[in-house]
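Readers should treat all values here as calculations from the given coordinates under stated rules, not as data from a laboratory. Keep in mind it's a predicted model, so treat the numbers as computed, not measured. So basically every Cβ, Gly included, is an ideal-geometry build from the backbone, and we count neighbours across all protein chains shown.
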Amino acid sequence: MALASGPARRALARPGRLGLGGCGAPRRGAYEWGVRSTRKPEPPPRDRVYEIPGLEPITYAGKMHFMPGLARPVFPPWDPGWTHPKFRRLPPIHEQPLYKDQACYVFHQRCRLLEGVKQALWLTKAKLIEGLPKKVLGLVEDPRNHIENQDERVLNVISHARLWHSTEDIPKRETYCPVIVDSLIQLCKSQILKHPSLAKRICAQNYRLSTTWNRESLLLQVRGSSGARLNAKDPLPPIASREEVEATKNHVLETFYPISPTIDLQECNVYDVEDDTGFREGYPYPYPHTLYFLETANLRPHRFQPDQLRAKMILFAFGNALAQARLLYGNDTKVLEQPVVVQSVGTDGRVFQFLVLQLNTTDLASNEGVKNLVWVDSDQLLYQHFWCLPVVKKKVVVEPVGPTGFQPETFRKFLALYLHGAV
Amino acid sequence: MAAARYWRLVPRGPGLSLHTAAAAAVTAPEMIGPAVAAAPVARYPPIVASLKAKSKAARQRRVERWQAMVHAAESVDEKLRILTKMQFMKYVVYPQTFALNADRWYQGFTKTVFLSGLPPPPAEPAPAPAPAPALDLAALRAAACDCLLQEHFFLRRKGRPPLYREYETIGSPFLDQLVAALMGLLSAHNPALAAAALDCKRPVHFYWLRGEEIIPCGHRKGRVDALRYQINDKPNNQIRMSKQLPEFVPLDYSVPIEIPVMNCKPDKLPLFKRQYENTIFIGSKTADPYCYGHTQFHLLPDKFKRERLLKKNCADQIEVVFRANAIASLFAWTGAQAMYQDIDCYVKICLG
């Protein structure tokens with residue numbers, strides 16, 4: 001049981017729908033059975049006459065009333081000829097127009113992968129490199145990119161998000177997480193005077209992404225939307241040089257047998273294979289620059305673990321990159337001349353995960369060949385803790401109101417990821 | 001009580017009554033000589049009105065004591081708490097209202113004079129530090145068009161917007177993008193914009209007293225009571241800065257136009273009374289250094305859209321809706337900012 005966790009453990013413990021409960025009846029929950037007092041009565045069982053093959057039962061249908069001795073008629077189900085929108089029943093899965101025999105494994109924004117980053121790397125045929133790329137780290141250290149009074153302004157932003165922006169004494173994560181990310185982006189945007197090309201970007205919420213790819217006889221799809229996406233007029237320059245890209249041919253993807261790579265993905269037979277970047281043709285800001293993922297749930301079990309969040313970031317960044325690559329270079333699977341780069345930032349308001357993905361190839365069916373590259377900088381704290389109320393012990397203020405354990409490095413990385421491509 | 005019937009015609013102490021004794025005590029050292037210390041030591045406590053009697057003087061003394069408590073409080077939060085802790089029934093004023101001719105009523109509630117047209121341009125600060133770059137209208141227009149097109153056309157959303165909320169579902173993100181884009185592009189002309197704070201859908205609250213009424217019923221019937229108002233607003237976006245905007249006209253500027261006076265109670269508007277928390281909030285708490293406001297951006301919901309008002313035969317109310325929204329929202333915001341800065345002045349003016 002040590003290997004199984006989460007959904008696997010729940011599946012193993014419960015006997016499942018086929019296990020028999022009391023009285024030999026199939027086990028069904030209350031939702032499926034319905035409230036007993038309102039349940040429609042069961043129809044009476046058919047007459048034994050219908051079980052005898054070749055015999056035509058004589059029923060009282062023609063007489064229009066019950067007659068003892070005659071069989072109970074069985075009528076075909078009545079088709080009213082029109083459907084009320086409230087009571088519309090979907091056709092069975094096999095008859096739906098988008099039904100396909102091959103199952104597709106869909107990754108959506110609430111999928112928590114069991115194997116986390118390892119599984120995401122296998123699904124996207126990518127190689128992991130710890131730490132951000134040198135180009136981005138160079139932007140971090142460059143003093144020209146620093147904002148004046150940067151630390152003071154970031155501390156103000158943290159205090160504003162965690163304490164000042166709401167009339168409550170202790171604002172909840174659902175409010176403070178989006179406020180802190182918006183304020184940090186606003187702070188990064190204030191550099192527009194130094195770098196005028198920052199004006200060539202726009203943010204989009206509620207976009208709908210959909211991409212499909214084949215991976216070793218498995219059909220995988222990324223679908224849905226999650227958070228905000230920063231779009232730019234110009235693409236991000238590739239980070240790894242051609243030699244490094246060629247060197248990934250020798251890398252072997254890590255498998256995690258006996259766990260299947262499609263675990264925790266939603267398996268469905270009714271799906272659409274069309275690619276959708278989320279925007280129509282002719283959009284003036286076609287290139288995805290950065291994706292922002294916010295974990296805003298108040299309760300810890302509802303939020304993603306850092307590993308699961310990183311896996312989600314990898315898969316959505318990959319989905320956006322693949323859709324963009326197919327739009328630019330067509331649907332054939334090949335190694336890309338100009339790799340597509342997409343960045344991603346995931347946070348729960350305090351801990352940040354940074355990610356840069358470079359899509360080198362759309363040939364994902366085989367395990368050999370050029371791999372994609374993923375740079376991940378995980379678990380960067382912006383501050384250790386924030387005291388909304390002062391801690392007073394024996395009438396002495398031990399901890400004043402404000403953040404503790406502030407790390408300015410995290411915001412510098414955030415700013416570097418924002419400025420990347422415009423500097 | 002039998003004892004109280006016999007008034008003492010002669011004062012208790014030997015000699016003069018209390019009043020003359022106190023006066024003599026104050027003036028006596030001056031007459032004695034310069035050798036005595038300059039500050040006279042009052043030998044009796046000061047004569048003041050009673051505190052708990054059922055009299056106007058006692059009520060006045062209680063009011064002054066409360067004002068002194070507000071003045072003596074150390075932080076602005078404490079002062080705000082003392083001012084707003086007692087809850088009474090108050091009118092809830094909605095900035096976005098369907099009431100007819102609401103702008104005239106709101107002018108009366110907020111003591112505002114409405115002047116059409118833009119305010120007089122402020123005097124040029126001399127000398128200008130550097131020649132400002134020319135306003136690139138084409139770039140601003142292009143940015144606005146991009147935001148509009150993205151929200152209305154290019155972005156593929158999932159599902160339909162909820163019923164009668166199409167304008168808000170598309171308009172709210174459009175306004176967010178537009179404000180962000182304009183702030184970025186115009187920060188070259190106004191460097192303070194680059195450092196400003198941008199709030200999205202943050203509440204703004206204000207509580208004030210204006211006017212009086214006679215209480216119609218209840219155990220306090222017949223007495224004079226102040227009229228209380230509360231605005232709870234939620235602008236779509238607002239920009240806050242750390243420096244105050246310069247005033248357009250001086251404080252004592254008087255306009256020949258009069259504030260409209262309505263001859264009936266605010267209930268006729270319709271305005272309803274409710275008792276709940278009195279809050280004063282500009283969008284962030286008092287500790288925020290960005291405590292001065294710059295601009296607010298409001299989105300009118302679908303029920304006030306032009307086509308609907310025209311169908312209801314209320315074509316003249318279109319402008320009334322805009323004006324009432326502006327008067328109420330900005331009065332609340334500026335009033336709350338003033339409370340954050342100088343509360344004692346407010347107490348003296350409105351409650352003194």
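Compared with the dominant principal axis of the Cα atoms in chain B, helix B:137-149 is inclined by about 80°. With R₀ set to 25 Å, the beta-carbon distance separating B:Lys56 from B:Ile259 gives a calculated FRET efficiency near 0.25. Electrostatic tally near A:Lys135: other residues with Cβ closer than 14 Å to its Cβ, Lys and Arg +1, Asp and Glu -1, net -2. Among the GluC sites (Glu not before Pro) found in the range A:200-261, not one is both in a DSSP coil and sparsely packed, with 10 or fewer other Cβ atoms within 10 Å of its Cβ. Under the criterion of Cα pairs below 8 Å and six or more residues apart, the relative contact order for the range A:190-272 equals 22 percent.
Taking packing as the residue-averaged number of other Cβ atoms within 10 angstrom, the listed peptides B:48-57, B:67-76 run from highest to lowest as B:67-76, B:48-57. Cα-based values for the range A:225-340, radius of gyration first and Dmax second, are 16.9, 46 Å.
Farthest toward the positive end of the dipole of chain A, out of A:Gln353, A:Leu220, A:Pro306, is the Cα of A:Pro306, where the dipole comes from beta carbon charges about the Cα centre.
What dipole magnitude, in Debye to the nearest 20, does the protein assembly as shown give about its Cα centre under +1 on Lys/Arg Cβ and -1 on Asp/Glu Cβ?
3820
Evaluating kT/(6 pi eta Rh) at 10 °C and 1.306 mPa s, with the Kirkwood radius of the range A:320-420 over Cα pairs in the Stokes-Einstein relation, gives 94 µm² s⁻¹.
Mind checking the range B:125-231 for chymotrypsin sites (Phe, Trp or Tyr not before Pro) that DSSP puts in a loop (not H, G, I, E or B) and that have at most 12 other Cβ atoms within 10 Å?
Answer in residue order: B:Tyr164.
Remark: mean inter-chain Cβ contacts per residue of A:159-172 equal 4, using a 10 Å Cβ-Cβ cutoff to other protein chain atoms. For the range A:115-222, a crude dipole built from +1 on the beta carbon of Lys and Arg and -1 on the beta carbon of Asp and Glu, taken about the Cα centre, is about 580 debye to the nearest 20. Each part gets one Cα centre, and for the range A:113-192 versus the range B:75-129 those centres are 37 Å apart. Once you order the gyration tensor axes a ≥ b ≥ c over the Cα atoms, which shape class does the range A:382-423 get: rounded for a/c under 1.5, otherwise prolate or oblate by comparing a/b with b/c? Judged from the Cα gyration tensor, the range A:382-423 comes out prolate (a/c at least 1.5, a/b above b/c). Note on A:Ile259 and B:Glu212: their simple-model spin labels are 7.6 nm apart, each label 7 Å out from Cα toward Cβ.
Here's the list of lysines a cross-link from B:Lys311 could span, going by alpha-carbon distance under 18 Å and ignoring same-chain residues fewer than 8 apart: B:Lys303. Summary value for chain A: 21 percent relative contact order, contacts being C-alpha pairs under 8 angstrom separated by 6+ residues. If you take the Cα centroid of the range A:354-390 and the Cα centroid of the range B:162-224, the two points sit 39 Å apart. Here is the list for the range B:89-192: trypsin sites (Lys or Arg not before Pro) lying in DSSP coil, each with at most 16 other C-beta atoms within 10 angstrom of its C-beta, are B:Lys111, B:Arg156, B:Arg157, B:Lys158, B:Arg165.
Each listed q (0.21 Å⁻¹) maps to a log10 I(q)/I(0) for the range B:253-352 from the Debye sum over equal C-alpha point scatterers, namely -1.33. Could you work out the relative contact order of chain B? I mean the mean sequence separation of Cα pairs under 8 Å and 6+ apart, divided by the number of residues, in percent. Reported as a whole number, the value is 26 percent.
Per residue of A:246-255, other chain Cβ atoms within 10 Å of the residue Cβ number 0 on average. When the range A:290-423 is described by a simple charge dipole with +1 on each Lys and Arg Cβ and -1 on each Asp and Glu Cβ, the residue from A:Gly369, A:Tyr418, A:Phe386 located farthest towards its positive end is A:Phe386. For the protein assembly as shown, the calculated P(r), taken from all Cα-Cα distances in 20 Å bins from zero up to the bin holding the longest distance, is 12, 34, 29, 17, 7, 2, 0 percent.
Counting only Cβ charges, +1 for Lys and Arg and -1 for Asp and Glu, the dipole size of the range B:184-246 around its Cα centre is about 140 debye. Inter-chain neighbour count for A:181-187: the average number of beta-carbon atoms from partner chains within 10 Å of each residue's beta-carbon is 3. Taking 15 Å as the straight-line reach from the Cα of B:Lys90, the aspartates and glutamates in range (excluding those fewer than 8 positions away in the same chain) are B:Glu212, B:Glu213, B:Asp225, B:Asp267, B:Glu277. For the range A:143-270, the Kirkwood estimate of hydrodynamic radius, built from reciprocal distances between every pair of different alpha carbons, is 19.7 Å.
Counting only the Cα atoms, the range A:214-273 fills a convex hull of 184 Å³ per residue.
Any of A:Lys134/A:Lys189; A:Lys125/A:Lys249; B:Lys54/B:Lys79 with alpha carbons more than 20 Å apart? Name them for me.
Working: A:Lys134/A:Lys189 23 Å; A:Lys125/A:Lys249 11 Å; B:Lys54/B:Lys79 27 Å.
Pairs exceeding the cut-off: A:Lys134/A:Lys189; B:Lys54/B:Lys79.
Dipole of chain B computed with +1 at Lys/Arg Cβ and -1 at Asp/Glu Cβ about the Cα centre; of B:Ser254, B:His189, B:Phe109, farthest Cα towards the positive end is B:Phe109. Backbone amide hydrogens, once placed in the peptide plane, bring A:Asp348 within less than 5 Å of A:Glu295, excluding anything fewer than 5 places away on its chain.
Between A:Leu128 and A:Lys172, take the C-beta separation as r, use R0 = 35 Å, and let me know the FRET efficiency to the nearest 0.05. About 0.55, to the nearest 0.05.
Here each label is just a point 7 Å from Cα along the line to Cβ, and for A:Ser37 and A:Val270 those points are 3.4 nm apart. Gaussian network model of chain B, Cα springs within a sub-10 Å range: biggest mean-square fluctuation belongs to which of B:Lys85, B:Lys221, B:Lys265? The residue with the greatest mean-square fluctuation here is B:Lys221. Taking 0.36 nm per residue of separation and subtracting the current Cα-Cα distance, fully stretching the chain between A:Glu216 and A:Asp142 would add 22.3 nm. For helix B:56-72, report the angle its Cα long axis makes with the longest principal axis of the Cα atoms of chain B; keep it between 0 and 90° and round to the nearest 10°. So the helix axis and the longest Cα principal axis differ by about 60 degrees.
Seen against the Cα atoms of chain A and their longest principal axis, helix A:306-329 is set at about 90 degrees. Specify the residue with the greatest mean-square fluctuation among A:Cys104, A:Cys268, A:Cys177, computed from a Gaussian network of chain A linking alpha-carbon atoms under 10 Å apart. In this elastic network of chain A, the residue with the biggest mean-square fluctuation among A:Cys104, A:Cys268, A:Cys177 is A:Cys268.
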